[in-house]
Structures are given as structure tokens and as C-alpha cells.
Amino acid sequence: MHAIFILWLREVKKYTRSRVQIVASLAQPMLYLLVLGFGLGPVFQQAGNGSYLQFVAPGVIGMTVLFTSVFSGIALLFDRQFGFLKETLVAPVPRIRIMIGRTLGGATAAMLQGTLILLVCMIFGFRPVSLTSLPLAFVFMALIAIVFSAFGTAIGSSLEDMQGFQLIMNFLVLPIFFLSGALYPLHNLPKVLAVVTRVDPLSYGVDGLRGVLTGRLMVFGTATDLLALSLIAVALLIFGAWRFSKIEI
Amino acid sequence: MIRVANLFKKFADFTAVNDVSFEVPKGEIFAFLGPNGAGKTTTIKMLTTLLPPTSGRLELNGLDPIREPNQVRQQFGIVFQDPSLDGDLTAAENLEVHGVLYNVPRKVRRERAEMLLKLFELWERKDTLVKKFSGGMKRRLEIARGFLHTPKILFLDEPTLGLDPQSRNQLWTHVKRLNETEQVTVFLTTHYMEEADRVAHRIAVIDHGKIVAIGTSQELRQRTNSESLEDAFLALTGTTIRDETANSGADQMRQFARMWRR
């Protein structure tokens, strides 16, 4: 337990110390929020879908959690290159605990970043439907964070160097974001797209966040979202732990 | 303390460690010398549970690194060839993480951290982020960290690489002192022959995965009719230059990390 805690604490400390990076990584979500939020707003309104800012804010929060947690997992590559990974791998601690500590730490950092974006969204006019909905929104954020930290750990354990990173970003992480319904409603989609969006774990996260925060009609429903995310989280934690156990220095 | 018998490590296209056997008694400082790519680091990796051997027997303090990796890991401290500190944590935090991972009780952890940081002249800088440390300070911190959990064995894989003579001298003085006061068995590799000559009780020379000679510095010199250990080493391993495969990923990664962290 101590080992898991100290590795968790390390991740959280590293996150809170990277002030410049925290501010820098606010830029992208704000672009989506402001440019799309105000740019597409009138069209969205005319189509009878209400405020686009209200619609897109949960999507942008989901995106932030996705990017931060995937990246925290992939930061494993830095630890591998700069050596700290070796220090943990020769320690008398089963690898599964090292993996869990790291993953939970990364997930916590992603949640902190997500919370920051939620506040930014509120500054720009986003209003959660009620304050009582917030705890459940944090549950959803936590689940998204765990799913994608484990996913990032699996990728970080499998890559040898940074060359594969762009590939993962462009062919895996960005599609996960664009196909999740973060930017557009998942209703009345072409058949293929409808199927693909249902395979995307983030779809359930965004649907859950949006339903809870804005009270909009949901695509899947809260219970389905929670169940789907929990199952995916368990599956990816097992997969990530397996990949992590295979690392050779 | 360390027992190795008929150790082999074969990779797809070559044999890195070829029938190596040796023993290191408790409290000895044992130097493992050899040209680049001779199999030194591979042997250390197998002894420290990072790499499974192809065949052969290994024993550290009576424990088997393959069957009891976690018990074995508790027995040794290691300073790797490349740095393995977390630059985003302070010196004290690096030691704290290490102490927790090695189950050192909080009180002992704090006391030993203070003692070691003072010994290695890092106490005033304990709250500085490690990325602001010089190469020599980082090395000292790594060795201090290796001693934190009072290991029975300390592995030092080219610990003085890239250090100035002052730092090297000071580092070996401390290692010798701790070897005497805490009875730690030290297993080291280095390319600086005069260091091995100065600190090691016994020396093994390895080349192409095989041990070609083993004994005290004097024995090796006598055997080869050499004036110095360096001449003995050259007599034993020849004068051809070995090319190690370059670690090309590292530079690229550093650049990437810099870009990312802006």
C-alpha cells in the first residue's frame, strides 16, 4: 500500500509542479470552447439544439481528461529513457503495485486538470444544471481518467521510443476524441459512424458528463455509461498491468 | 555473498555472457573490468533481477534472483550506468520514495537520509529539485540512495563516468568508508583502471562474455608481467577497439521532452 501511495504522490507532485505546462495545456480546450462554442453557436441554435456552449463544455472537459491521462501514461517513456523506471523496477515491490500507483497518480492529475477546465468553462458562461449533479460528474471524470491512464500505461509499456508517439496521437487518441460525441450529438449518424462511436470508450464518458452536468437527453443513459466505463476500466487496467509486467530494460 | 556459476545469456544473434563463474565473499570490493560490450552490464542486469539468464546459477546472499526476485531486491542497492533519479523531485523526495519502496520504517528512513545526505555533502541542497544538480551531485545522490535501505550488496555500474577527478576521488573515498563501516559487499565496473587498482580487493577481467582473468591487482600484473593494471588489462583483452551499439533513442527523447515541457 505504501508503495502505491508514494508513486501516486510522485505523479501528483510532478503535475502540480509543472505550472507552465498546466497553463499551456489549457490553451487547446479553450480554443475548442471559444472558437467552436461561439463560432458554431448560431448554427447549432438554429437547428433547434439550444446553446452550443452548454453542449460542448462537457465534451471539452472529457477531452482534457482524455489527453492528460493518456499523456501521463505515455510519460512512462520518459521515465524509461531518463532511468527512473529502472529505480522502481529493481525495488522489492511487485510490478502490479507500481503500475497501479502510477496509473492512479496519472488519473488524479487528469481529474485536477479536468476540474480546472470545468472552472474555465463556467467563467465563459457554462452553467451546470444543478450543484447536486457535480459529485456524479466527478465520478464520470474519475472513470474517464482511469480508463485512459491505464490505456496510456499500456501504450507507454509497449513503445520503445518516442517515434511511435505521433502515430498513437494521430491514429488513436485524436479519433477517440473526435468520435466520442464531444463536439456533435450522436443522434441520427450514418450507420458506420454510429457503430464506431459506440465502440469508443470516451463516448460513454462524454454522454455521462453531459447528461449529469446539463440535464440534456442522453444517448445511452447514466446507468449504461457507468457500467460501460467501469467494465472498460477493469479490462484496460488488466491489459495495462500485463503490458507493464512485460517491460524489459 | 554473490555466487555465479556457469552463467549464460544468449540474445538472438550473439552470446553476451558465455559460461561465467565467480564468487564474491561478504565485505569484499570486487571490480568487474572489461572493454565495451564485454558483458559487464548484462551480468549486472541478471544479478539484479532485471534480465533472466539463459542458463546457469545465480545466488545473492543465498537467494535466487529468478525465483525470489523481491527478496533479492531487498538485499542490494544499485547505481546504474545512466542516471535513474527523478529530476522533478527534490533530493530528499528521491530518497523518501526510495525508502518507502524498500519498506524502510519512517524514523530510520529520515535518520539515514540525513546521515547519508550529510556524508555526501548534499544536506544543504536537500530541497533542491534534482534537475538543477550537477552531474557529480546527481551521482553522489544516487550512491546515497543506494545505501539508504542498508543493503548487503552495492552494485556500481560505471559510477564515475563523466565525473571530474575531484568527484571521482571523493566518491570512492565514501564508498570505501561505507564498505568498512557497514560491511557492504561492493560489485563495481569501471573503465578507469587506477580506480579499480585503488579500491578493489579483487578484480575480474571479462572479454567477449568470458572471464579471462581473476585475482588481486598484483596477481594480474604478475601474471601478465605488466607494470600497471592498465597494461595488464590491455595484455589480457588486446588493443582492438569495440563498438557498442549506440543508444540512439536517448538524444531524440531529450529533445522531445524539452519541447514538450517548454
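Throughout, read-outs are computed from the coordinates displayed, never taken from laboratory work. Since the structure is predicted, the reported quantities are computational estimates derived from the model, not experimental observations. Please note: Cβ atoms are built from the backbone with ideal geometry, for glycine as well, and neighbour counts cover all protein chains shown.
The table for this structure:
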{"read-out": "Helical contribution to [θ] at 222 nm, DSSP H n ≥ 4, -39,500 (n - 2.57), averaged over the protein assembly as shown, rounded to 500", "value": "-18000 deg cm²/dmol"}
{"read-out": "Using θ = phi - 60° and Karplus 6.51 cos²θ - 1.76 cosθ + 1.60, couplings along segment A:148-153 (whole Hz; Gly, Pro as x)", "value": "8, 5, 4, 4, x, 4"}
{"read-out": "Dipole magnitude (debye, nearest 20) for segment B:76-219, charges at Cβ of Lys, Arg, Asp, Glu", "value": "460"}
{"read-out": "Helix A:19-31 vs. chain A, principal-axis angle (Cα, 0 to 90°, nearest 10)", "value": "30"}
{"read-out": "Relative contact order [Cα under 8 Å, 6+ residues apart], chain A, whole percent", "value": "27"}
{"read-out": "Calculated FRET value between A:PHE5 and A:LEU131, using beta carbons and R₀ = 35 Å, to 0.05", "value": "0.70"}
{"read-out": "Exposure proxy ranking, count of Cβ atoms within 10 Å, fewest first, for B:VAL17, B:VAL24", "value": "B:VAL24, B:VAL17"}
{"read-out": "Sorted by Cβ neighbour density within 10 Å, fewest at the top, the residues B:ASP207, B:ASP64", "value": "B:ASP64, B:ASP207"}
{"read-out": "Between segment A:1-74 and segment A:101-164, the Cα center-to-center distance that results, in Å", "value": "8"}
{"read-out": "Percent antiparallel among DSSP beta bridges (both partners in the protein assembly as shown, rounded to 5)", "value": "55"}
{"read-out": "Reciprocal of mean inverse Cα separation for segment A:2-245 (Kirkwood radius, Å)", "value": "18.3"}
{"read-out": "Segment A:15-141: proportion of alpha-carbon pairs further apart than 16 angstrom, %", "value": "68"}
{"read-out": "Cβ-based exposure ranking for A:ILE22, B:ILE29, in which fewest neighbours within 10 Å come first", "value": "A:ILE22, B:ILE29"}
{"read-out": "Nonlocal amide H pairs with B:LEU154, under 5 Å, H built at 1.01 Å", "value": "B:GLY77, B:THR185, B:VAL186, B:PHE187"}
{"read-out": "Note, ³J(HN,Hα) from phi for segment B:69-74, Karplus 6.51, -1.76, 1.60, rounded to Hz, x at Gly and Pro", "value": "x, 6, 5, 5, 4, 5"}
{"read-out": "Under 21 Å from the Cα of A:LYS14 - lysines, other chains or at least 8 residues apart", "value": "A:LYS86, B:LYS126, B:LYS131, B:LYS132, B:LYS138"}
{"read-out": "As computed over segment B:2-261, the Cα convex hull volume per residue (Å³)", "value": "139"}
{"read-out": "Listed residues A:LEU143, A:LEU167, A:LEU33, most fluctuating in chain A (Gaussian network, C-alpha, under 10 Å)", "value": "A:LEU167"}
{"read-out": "Estimated FRET transfer efficiency (A:GLN28, B:LEU161; beta-carbon r; R0 35 Å; 0.05)", "value": "0.30"}
{"read-out": "Charge tally in the Cβ shell below 14 Å around A:SER245, where Lys, Arg are +1 and Asp, Glu are -1, A:SER245 excluded", "value": "+4"}
